[in-house]
1. Within 10 Å of each residue's Cβ, count the other Cβ atoms and sort 73, 158, 116, 91 from fewest upward.
2. I'd like to compare 60-72, 38-50: which one has the highest average count of other Cβ atoms within 10 Å, and what's the full order after that?
């Protein structure tokens, strides 16, 4: 077996058996300044069949989040140029409701509460288990799909329900 497999046009490292056939492919953005950690997450998400991009600072992460259609954002709190909480706040101020999971070494109760109140949808302190992170990301994506207001696109009089087409 080659060291990678092609899943939905993306190279995914590992064995195809690692991907669960009933899992829906998600488009994820990892915003993490530790390049090794970001590379690990992108590789791991791709191994299980998802499309994952990475940004290594808050400004790039904000630009990518605004310019892409991601199902879930995974955001570190301590980022160069713009911290994770102000990044999420800027997205929320622009009306962007893409679920954001905060992944941070700041794991005290006060830190988690501050992250959630700043607009984060979930908070997972480091160190973490990838299986738990994946499960939390899947839950956030499932909740988003169930929201009818985000499945209908409107331009003028034209309306398109993405679930029915």
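What follows draws every value from the coordinates through simple rules; no lab data is involved. Nothing here was measured: the structure is a model prediction, and the numbers come from that model. Backbone-built Cβ (ideal geometry, glycine too); neighbour counts: all protein chains shown.
1. Numbers: 73 28, 158 7, 116 13, 91 20.
Fewest-to-most ranking of 73, 158, 116, 91: 158, 116, 91, 73.
2. Numbers: 60-72: 17.6, 38-50: 19.8.
Result, highest mean first: 38-50, 60-72.
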